[in-house]
Structure formats: C-alpha cells, structure tokens
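Below: the structure, in structure tokens.
The values are calculated or read from the model by the stated rules, or taken from the named source; none is laboratory data. Since the model is a prediction, treat every value here as computed from it, not as a measurement. Quick reminder, even Gly has a Cβ in these numbers, built from the backbone with ideal geometry, and neighbours come from all protein chains shown. Ligands, DNA and RNA are excluded from the accessible area calculation, which covers all protein heavy atoms including side chains. Shrake-Rupley method; radii C 1.70, N 1.55, O 1.52, S 1.80 Å.
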Amino acid sequence: MSNTETGIGKIAPVRAVAKGDGGNRTAWMGLIVLLALVPLVASPFHLDIASQIFIAAIGALALMVLTGIAGQISLGHGGLMAAGAFTTGILYKETGAGIWITLPASVVAGAVIGLIFGLPSLRLRGVYLAMSTLALHFVVIYLGGEYEFASGASTGIFLDPPVIFGYELYDGQAWYYALFLLVAGTYWGCSNLLNSKTGRAWEALHANETAAEALGVQVARYKLLAFVITSGIASFSGALFAYYQSFVSVEAFTLFMSIQYIAMIIIGGMGSLTGALLGAIFVTLVPYCIEWLMETVPYLGLDISTASSASHAAFGLLMILFLVFEPSGLIGIWKRTVARFSSQSKKEGVQ
Amino acid sequence: MFDLELKDIELHFGGLVVLNRVSLGVRSGELLALIGPNGAGKTSIFNCISGIYRPTGQINFLGTSLIGKKPSAIAELGIGRTFQHAELIPRMNARENLLVARHNHVKSTLVEQWLRLPSARREEADHLAVVNDVLDLLSLSHLAHLPVGGLPFGIQKIIGFGRALVADPKILLMDEPSAGLTQEEREELAYHIDSAKNRLGIPMLWIEHDMEMVSAIADRIHVLDYGRSIGDGPPSEVLEDPEVIRAYLGTTQIAQAVDTAAAPLEKG
Ligand SMILES: Nc1ncnc2c1ncn2[C@@H]1O[C@H](COP(=O)(O)OP(=O)(O)O)[C@@H](O)[C@H]1O
Ligand SMILES: [Mg+2]
C-alpha cells in the first residue's frame, strides 16, 4: 500500500484506463451483428465452444471488476461458481423450481457468500487476502460434497433444460443466443458501474486506501460492495454453467478453475472489461488448441493422459509470459496494434 | 471566531513525539500558512484533521468535533485536501480523478448507476460540468484525457489542487502544493490560491516552503518546529522573529550557502 502518512508515494504502473465503453460504437455494433450471425454457419462443436466462452466471460467480467478494478485478489472464484451451480441444482432437485427462481436465488446466495468472504478484506491484503478467499473455495466444495453424499446423489445432480417463456432451452443455437445476450448485459452493467461513482470509488481505493478515505470514499463499504456484486455475478455464471452442462458435481469446480479465471484477467489485461472478454476467449481455447496440437503433431509425444497436465503447464507458462512481457495483456497488444495502424494510415494520408 | 480550531494536539509514534501541544485556528476567508523545517509535523497536523492519525486534544470544525471520526466522514463535512505527493489515481485521466472527488455529491443509487437510468446520466453530466469548469479554470483542459500517471509531477500537483477544489470544500488543506512546480507554475498557483480564497471565502490552511509566495499571499503564518508551535502572526512579523529565523529560515539559508559553496567544487 502506498503511504500517505509518511509521504512516501507509491510508484504505480502507468496505464490507460480501458474500461470498455470507450472506442468506437460502429465497431462494437459490427462485432455484435457478426456474432449474432455466427450460429447460422457454425457447427454444433463450435457453438459449444462459443457457449463455454460466454459462460467464462461472465465469470471473468466479475473477477475483473473485483481484482482488476477494485484491487481485491480472490482465489475463491471457482468456489463462487460452485455455490451458484449448487444453489440452482439443489433448488431444482428438491423443489423443481424454475429458472426465474433458481437464477435469482443463485445470485443472492453468491452475494451473501461474497459479503462474508469479503469481510477479511477489511483487514487483509494481497497474498493474505488470497489465502482467506481460498478458504471460501474449500468450504463451498465441502458443503456441496456433503449434500451430494447425504442426498445419495454421489455422482452429482442432474438438471433438465431450463424453460423460458414456455420455450425449452435445449439446442446449441438457442443457448448461444441466450448466453450472448447475458454476456452483453453483464458487460453493459459492469461498464455502467465503472463509469459511475461506484466504479470510481473502487479505482480510488485500489490506488490508495488512505487517500480514498480522505477524499470521502467509505473504503470498507465499497470493498464489501465489490465483493457482494461480483460474487453475485460469479454465482450467476455458475448457475448458467450448471444448466448448460445439465449436471452439477463438485468435481467440476477445482482450484484450477479459480486459477483459470485469474489467468483470464491477467492475459486479457488487468483493469479492462474488454480484456476480460479477450481473456475468457483465450483461456477457454487453450485446451482445444493443445488437443488440436496433439492430433496434428503426433510426434510431440502428447496423448490423452498428458493432455490435461500439458494444458495446466501451458497456463502456468502463459501467465508468467504475460506477467513478464505483456503486463497490459491482450488488450494492450490490441491497442498498440490499432494505434500503429491508425498512425500509419495518417502518414499515408499526408503523403 | 475560528472555523477550524485545534487545541493542545498531541501525537506520538512509539517514543517519538510528533506534535507537542499544538494549538492553532483558521478563520473563514483566511489563508493561514503553516511553515517549518522538514519533519516538523506539518503533514501530521493535516493527517490529524483528516482523521488519518488519532491525536489527543481537540479539533473542532464549524462547531463539530472531528476527534474519533472516520476520514471519510470528516471529508463529507467539507474538508478538502491536497497531498504532498499528489496521490492521484495514476491510470485514470485528470477528468476522472476530479470526478472521484465529487463522490459525496453524487445522489444516484446503485441501481440507477448500474442501469444508467436517465436520472443517473443527468446527474453525471452535472458533475462533469463542475469538473470541466475547474479544469478550465486551472488551464488543464488540454491534458484532461491523459492518464495522470504519465504527467509531470508538477502537473499532478495542480490536478490534485483541482481535485480538492471540485469537491466544493468548506475548508481547504494544501500540503506543499508548490513543491515540484516551475517558477512560472508557482506564480500561477499563487494566483489560483489567492483567487479561490477570495471567490469561496473559505478558510485555507497551506503548508509551504516558498517564503516568497507565503509573504505575498498568506494572511497569517503559523510556525512549527519539532512538533512545537514557535510563532503565529502576520508574515511581516513572523518572518522577522529571531527564533523563527534560527529554527527555519536559518537552516535554508545555511543550506543555500552550502550549495553555493559546493557548486565550484563539483565543477572542478
Ligand atoms: N505514520 C508515521 N509513523 C511514524 N512516524 C511518523 C509517521 N508520520 C510522521 N512521522 C514522523 O513525524 C515527524 C513529522 O513528520 P511530518 O508531519 O511528515 O513532517 P513535515 O510534513 O513537517 O515534514 C517526522 O519525524 C516523521 O518521521
Ligand atoms: Mg510534509
């Protein structure tokens, strides 16, 4: 933390704020139209990958707000997604509740858990905070496992496709559109928050808590708010994950999942919502790329049994490479590329 | 009557006595310069007023005791301040940094902000207008879109001054606002401080090392040395006081003398 007391200022990395929204509207509209047309040509396999990316993107947006904007490190993201998945799974199994009950319930459950596990952030920082959020992961997984055991559903909970306005969400195209809208909505909501009092308070406490307080920001309140909101969203994406897989089981929510989400926001570019989306795409694609490598380059010596450890290793390597060589992430690369092209075209225009 | 009054303020860090029975007051519309050598406890006084440090004694602002209040609650009472090291949010631009200081004036609820409802948008536009006015006033508009972390320290200090102004403070605390500024920027800052005082009519407490600026615009000077008050009065009197000269002005003169003596050696 920087030190207002002693007057020793913190040397913070200089980086442009890139909170989405910015840039040009036409490009965004074009992208949205393009994405809306994808299902007309994509295979079921590709639609499945796209849907996985969308679910990951919602979770990554939440973590980006918590860590990339408000500066609160969390290793509990997988646990929160598990909480949402189990809330939905258990509610459905026990009461047969529909999506209009299970999804809000999952959001509320996530928000409450976020509030509880946000409390240590009032005392702890950095690695210590990360360790305390890790506890969240194990508590949720333990409770989920207990439920599976007690209810005799030791293999997990099965879910039927959700029904929206009498329409059963079943095929890949319908899922694609539904998730696409939800990602767009989450992005829009997060972007609005970041461009308001709340988001600026998060940025302020991230930069320097003492200075933020002296400017009138109630640091404790806004930290907890960050945990509550982002945990609600993470839990929501866990519930979607459960419906999408039609199945909930503790096995799906490993610690590695939390690390994948951290990889998304680092690789995508800390502090940028668009970066969270890029990170979600990238990280979701890595295992597929490794699989593809395995098939096309057989003499690499990779097989099914080594594929998963290969993708684990690849994540570790990628995170380190990005941290060392490209701390501003994919969004940083993207911006530089755009800047280079636009300056080039300007030069050409002059000549 | 003082708007802000400190009485018998004592502050210790372990065995170190940082403030030793300091008492001072500022009237509305008055610019009080707080001077003293480095380590005298000037910044600590600001941190006591802000609620960042917990001293013993009394601090009253417009009839309210500030002792025991949280810093954010104290800021909400209308106490604006600048920091010795600017303490801006480096990756935000100047406009956003100033918007942060409107925090307590924003009325829209979380849901209104989240859904960007017309009410929230209108309010945001109003705050933006206030911010843009201050940026204009300080001739910062052309820099307002750049991340402040990449700007020169002097500019960051002026943005910090703007951030304190934009909060519509009822009192302004400025911690060495001129440190790191060029001569030209200093003259401009002196003008802005003076005109803000006349325009707003609020009390101002100003930590400053530039005695030329101080004697030009300060209404009164309070001198601190090793956590003790050693002088208080109009600039003409205080700057002539032998004890003040020995404690403070003397040291800078000696430092200057050493500098000039050392200069030829370095060249040779
Ligand atoms: N948080 C702190 N912990 C320990 N000592 C401090 C702290 N803040 C200030 N001090 C000490 O108090 C004295 C006065 O510091 P300060 O108020 O920053 O002086 P000034 O602003 O007049 O240069 C210094 O000796 C400094 O080291
Ligand atoms: Mg100081």
Over chain B, with a Gaussian network built from C-alpha contacts below 10 Å, which listed residue (B:42, B:157, B:197) shows the highest mean-square fluctuation? B:197
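Divide by every residue of chain A the summed helix terms, -39500 (n - 2.57) for each DSSP H run of at least 4, and state the resulting mean residue ellipticity at 222 nm, rounded to the nearest 500 deg cm²/dmol. Could the numbers behind the result be given before it?
Values: 13 runs with 250 residues, N = 351.
It comes out at -24500 deg cm²/dmol, rounded to the nearest 500.
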Considering chain A as a Gaussian network with a 10 Å cut-off on Cα pairs, which listed residue, A:279, A:110, A:145, attains the greatest mean-square fluctuation? A:145
Solvent-accessible surface (1.4 angstrom probe) belonging to residue A:35, in square angstrom, nearest 10: 50 Å²
Residue-count net charge about residue A:48 - beta-carbon cut-off 15 Å; Lys, Arg +1, Asp, Glu -1: -2
Of all the accessible heavy-atom surface of the protein assembly as shown, with the other protein chains kept in place and a 1.4 Å probe, what percent is carbon and sulfur? 64 percent
Label point distance in nm, residue A:246-residue A:34, each placed 7 Å from Cα along Cα→Cβ: 3.3 nm
In the stretch B:65-91, which residues become less accessible by 40 Å² or more once every protein chain is in place, relative to the chain on its own, using a 1.4 Å probe? B:72, B:83, B:85, B:87, B:89, B:90, B:91
Among A:289, A:101, A:267, whose Cα sits farthest toward the positive end of the charge dipole of the stretch A:3-350 (+1 at Cβ of Lys/Arg, -1 at Cβ of Asp/Glu, about the Cα centre)? A:267
Nearest-0.05 FRET efficiency for residue B:76 and residue A:256, computed from C-beta distance (R0 35 Å): 0.20
If A:203, A:168, B:185 are ordered by their accessible area, calculated over protein heavy atoms with a 1.4 Å probe, which sequence runs from highest to lowest? A:168, B:185, A:203
Which one of B:192, A:142, B:117 has its Cα pushed farthest toward the positive end of the charge dipole of the protein assembly as shown, where Lys and Arg give +1 and Asp and Glu give -1 at the Cβ? B:117
Stretched fully, the stretch from residue A:101 through residue A:314 gains (0.36 nm per residue minus C-alpha distance, one decimal, in nm) 72.8 nm
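Around residue A:157, under 15 Å between beta carbons, what's the net of Lys plus Arg minus Asp minus Glu among the other residues? Display every interim value, and only then the final one.
Values: positive: A:93; negative: A:94, A:146, A:148, A:160, A:251.
Local charge sum for residue A:157: -4.
How charged is the neighbourhood of residue A:142? Take every other residue with its Cβ under 14 Å from the Cβ of residue A:142, and add Lys/Arg as +1 and Asp/Glu as -1.
Surrounding charge for residue A:142 is -3.
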Inter-label distance for residue A:142 and residue A:188, nm, one decimal - labels placed 7 Å from Cα along Cα-to-Cβ: 4.2 nm
With every protein chain left in place, what is the accessible area per residue of the protein assembly as shown in square angstrom, probe 1.4 Å? 46 Å²
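Based on the alpha-carbon gyration tensor of the stretch A:128-195 and its eigenvalue square roots a ≥ b ≥ c, which shape applies: rounded if a/c is under 1.5, prolate if not and a/b is larger than b/c, or oblate?
Details: a/c = 3.66, a/b = 1.15, b/c = 3.18.
Oblate, since a/c reaches 1.5 and b/c is not below a/b.
Note the buried accessible area between B and A here, summed over both chains, with a 1.4 Å probe, in Å² to the nearest 100.
Values: alone 13550 and 17990 Å², together 28190 Å².
The contact between A and B buries close to 3400 Å².
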Quick check for me: using +1 on Lys/Arg Cβ and -1 on Asp/Glu Cβ, what's the dipole size of chain B about its Cα centre, in debye to the nearest 20? 1060 debye
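With charges only on Cβ, +1 for K and R and -1 for D and E, what is the dipole size of the protein assembly as shown about its Cα centre, in debye, rounded to 20? The partial results should precede the final answer.
Details: 41 positive and 52 negative charges, 101 e Å.
For the protein assembly as shown, the charge dipole is close to 480 debye.
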Defining a contact as two alpha carbons under 8 Å apart and six or more residues distant in sequence, what relative contact order in percent does the stretch A:3-350 show? 29 percent
Within the set B:27, B:246, B:102, GNM on chain B using Cα springs under 10 Å gives the largest fluctuation to B:246
The distance between the Cα centres of the stretch B:176-213 and the stretch A:83-120, in whole Å, is 56 Å
Can you give me the relative contact order of chain B as a percent, contacts being Cα pairs under 8 Å and 6 or more apart? 27 percent
Shielded residues, the stretch A:210-254 - accessible-area loss of 40 Å² or more between chain alone and all protein chains, probe 1.4 Å: A:213, A:214, A:215, A:216, A:218
Within 10 Å of each Cβ in peptide B:112-120, how many partner chain Cβ atoms are there on average? Round it to a whole number, please. 4
Projected onto the charge dipole of the protein assembly as shown (+1 at Lys/Arg Cβ, -1 at Asp/Glu Cβ, origin at the Cα centre), which of B:99, B:244, B:165 gives the Cα projection farthest towards the positive end? B:99
With a point put 7 Å past each Cα toward its Cβ, work out how far residue B:5 is from residue B:128 in nm, to one decimal. 4.5 nm
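Of A:289, A:190, which has the most accessible area and how do the rest follow, probe 1.4 Å? Numbers along the way, then the final one.
Numbers: A:289 70, A:190 10 Å².
Descending accessible area places them as A:289, A:190.
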If you put +1 on each Lys and Arg Cβ and -1 on each Asp and Glu Cβ, how big is the dipole of the stretch B:97-166 around its Cα centre, in Debye rounded to 20? 140 debye
Just how much of residue A:188 is accessible, in Å², when a 1.4 Å probe is used and the result is rounded to the nearest 10? 130 Å²
Amide H partners (placed H, <5 Å) of residue B:231, local residues excluded: B:223
